[in-house]
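The values are calculated or read from the model by the stated rules, or taken from the named source; none is laboratory data. Please read these numbers as outputs of a predicted model, since none were measured by experiment. In this analysis, Cβ positions are derived from the backbone assuming ideal geometry, glycine residues included, and neighbour counts consider all displayed protein chains.
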DNA sequence: CTCGGCAGAATTTTT
DNA sequence: TTCTGCCGAG
């Protein structure tokens, strides 16, 4: 049985026996060399965490304490796992295939497949993505007459996932749990959901860990095998583990307790999806005698950046406490805190600043805009597009989550696993075949009452008169198609198969027929799926397993482009120049977080701010606007409280001198005059005055244009809407301007500024 | 069954 | 503002 766990033993050739220890600082070296017993490595941002992790792995091998197969190394993301594999491969001459380096979920799935029958599953069980989960739950809810409008299935999915994170089965729920959701029927829904999963021979992501725990708890002999087998355990991003993952690790580490967890409590930003900072805070209690090693020497950022970040995070309670210090003795530039009048001005300011940096030789790829929410990206994207700034929006819709990709995969799933009902349901009427809700419900009904899968039920119904003739013909032909494709799959490559299926099913034709601009992109994605993603795998089953676990593909990299992404997406990355816009109350910290999670939520937001600042190597710009269009209406947010928490000695606060327009804009309906100072300016000042002495002074408005009419004939000016132009006439406060692109217009002088004040001149 | 129109909502995200 | 999902009409 133990041999079943390990794949075939391989010889390990070590390159450069000691190279993994050179160039480590004393603390890093300790973290690498302390191999036995529980170790917690508190690795602050930029302190060389990955390097320690891989060096430690190499050290285990070199010291002869373990063979590759006896080490379990767990990460959260495939990206992190991939990087670890890659780095380890540099130390070791053999390929790292078959090693136990992977994500929690992929390793759990691997264990689970070996013992599936013990959990009432077939080893071929499918892993449901969240859209499958959502559709399944929606079905269940509708079957129980629960209004899916009042209770969005998404919410139910999340609720169940959170329960699974906390290892709660339907039986563990008290009557009070989530009684406010779904008419208080959550417990029954959850129970039915689990039953349906079993029937479907499927697991969701939570189940992978949960079933594993059940297995290890109920089968002491199997647990003992794994405990013996994994002599050393390494865990990355420990602060992100949830209760289930924590227990899973505990089970495996019991006994030898050779577990090394690396993490940073200050970078715990996934509480909302079940991560328990408590796991890392409690480590020493959980593993008595644990060695705690702090990595505090930061190799990434300048002194000012670290000072500002440290000062901010110091406002959090309940942290283990670390003091980052800069390895370089350079303080660098202070963090620039920018107060701007309007959201669009903020966008323009950042674009200006980026272009300026670009002109001095900084590549775009070393600049990033980090945002609290996804929808904030749009404004930047649009502006960058119009200005020709190369950029990349990271995050967004991932490749395997795209509709067309999931559809195509559903076809392949039905071919590989005829009983995969979720997949069949997805494409049964796609492209439209006249198999609508009524028909599908009938079939579902029939399948459920006979305990068969959909495919089986359809086969049976085709032999009866239960179906309308038209429907019967359609279904028969669809089933014939699948039978033919399965046959084809045995004869040709999975790539060829995929092409044929997409073509013959009419799926490609469906998109070709659509005239929308996206349709073209969808076809390209499908081509990419076959020639790119699928081509990397041996056969269809291998590809499908990968797909169910991995929702990520590397989009084209290597091109020089600035990054636009959420703060969450930026964790683990670094850039020379980082822009952090939108630091406004309600947005960052987000209103909803505050409402729902109170001070714990606030602290997590603050950690997010900390993560953002510490992404910067050389400089950071933090900004907020006094007015911002949000969902179509104008808001006047206050500056984020985090701005006031930044230590004064590490920031320089600047304010836009661009006079706020008193009207909506040229040619538009005139709005009533605004107060001389925006709301945020006054209230912020009040807050500053009320605050203790160490609070920063209120930002000063220095050079609001003294008076109107300061323009001269022939002067080059800039207008927010019309761009650059030359003054060719004046009449009191009205200027006659010939714009370079917009032509000749008459505008109020308060709408334009001298062209040379655009960009750097905009601030004092 | 399909399509068009309208109402309502709109963090953060991995596996 | 923009997207989604639902309902009603054909």
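Output yes when any residue across segment A:98-108 is modelled with pLDDT under 85, out of contact with any strand residue (DSSP E or B) (no Cβ under 6 Å at 6 or more places or on another chain) and away from DNA strand B (no atom under 14 Å from the Cβ), and no when none is.
The initial filter retains those residues of segment A:98-108 that are modelled with pLDDT under 85, namely A:98.
The next check asks that each one be out of contact with any strand residue (DSSP E or B) (no Cβ under 6 Å at 6 or more places or on another chain); those that pass are A:98.
So of that shortlist, the ones also away from DNA strand B (no atom under 14 Å from the Cβ) come out as A:98.
For segment A:98-108, residues modelled with pLDDT under 85, out of contact with any strand residue (DSSP E or B) (no Cβ under 6 Å at 6 or more places or on another chain) and away from DNA strand B (no atom under 14 Å from the Cβ): present.
For residues in segment A:158-178 being within 16 Å of DNA strand B (Cβ to nearest atom) and surrounded by fewer than 20 Cβ atoms within 10 Å (Cβ to Cβ), which is farthest from residue A:443 (Cα to Cα)?
Looking at residues that are within 16 Å of DNA strand B (Cβ to nearest atom) and surrounded by fewer than 20 Cβ atoms within 10 Å (Cβ to Cβ), I get A:166.
Name the residue, out of A:483, A:498, A:459, that is under 33 Å from the mean Cα position of the chain (by Cα), at pLDDT 90 or above and either outside any loop (DSSP other than H, G, I, E, B) or under 19 Å from residue A:543 (Cα atoms) (or both). Walk me through it before giving the result.
Values: A:483 fails: under 33 Å from the mean Cα position of the chain (by Cα); A:459 fails: under 33 Å from the mean Cα position of the chain (by Cα).
One residue alone meets the criteria, A:498.
Pick from A:141, A:155: which is touching a residue at least 24 places away in the same chain (Cβ under 8 Å) and surrounded by 19 or more Cβ atoms within 10 Å (Cβ to Cβ)?
Residue meeting the stated conditions: A:141.
Select from segment A:179-188 the residues that are away from DNA strand C (no atom under 16 Å from the Cβ) and crowded, with 21+ Cβ neighbours inside 10 Å and list them in ascending order.
Kept after step one, since they are away from DNA strand C (no atom under 16 Å from the Cβ), are these residues of segment A:179-188: A:179-181, A:183-188.
Residue satisfying the conditions is A:186 alone.
All but one of (1) over 22 Å from residue A:158 (Cα atoms); (2) away from DNA strand B (no atom under 16 Å from the Cβ); (3) surrounded by 20 or more Cβ atoms within 10 Å (Cβ to Cβ) hold for residue A:81; which doesn't?
So residue A:81 meets the others, but not (2).
Given the criteria within 16 Å of DNA strand B (Cβ to nearest atom) and either crowded, with 18+ Cβ neighbours inside 10 Å or modelled with pLDDT of 95 or more (or both), does residue A:208 qualify? I'd like the intermediate steps shown before the answer.
Details: within 16 Å of DNA strand B (Cβ to nearest atom): yes; either crowded, with 18+ Cβ neighbours inside 10 Å or modelled with pLDDT of 95 or more (or both): yes.
So residue A:208 fits the description; yes.
Out of all the residues in segment A:109-138, which are free of Cβ contacts under 8 Å to residues at least 24 places away in the same chain and either within 12 Å of DNA strand B (Cβ to nearest atom) or over 20 Å from residue A:214 (Cβ atoms) (or both)? Lay out the reasoning, then the answer.
The first filter runs over segment A:109-138 and keeps only residues free of Cβ contacts under 8 Å to residues at least 24 places away in the same chain, leaving A:110, A:113, A:116-117, A:123, A:134, A:138.
Hits for segment A:109-138 are A:110, A:134, A:138.
Given the condition within 28 Å of the chain's Cα centre (by Cα) and either within 16 Å of DNA strand C (Cβ to nearest atom) or farther than 30 Å from residue A:606 by Cβ (or both), answer yes or no: does some residue in segment A:324-336 qualify?
Residues of segment A:324-336 that are within 28 Å of the chain's Cα centre (by Cα), as a first pass: A:324, A:335-336.
Going one step further and asking which of them are either within 16 Å of DNA strand C (Cβ to nearest atom) or farther than 30 Å from residue A:606 by Cβ (or both), we end up with none.
No, the conditions are met nowhere in segment A:324-336.
Output yes when any residue across segment A:56-72 is under 21 Å from the mean Cα position of the chain (by Cα) and modelled with pLDDT of 90 or more, and no when none is.
Quick first cut of segment A:56-72, residues under 21 Å from the mean Cα position of the chain (by Cα) only: none.
There is no residue in segment A:56-72 that is under 21 Å from the mean Cα position of the chain (by Cα) and modelled with pLDDT of 90 or more.
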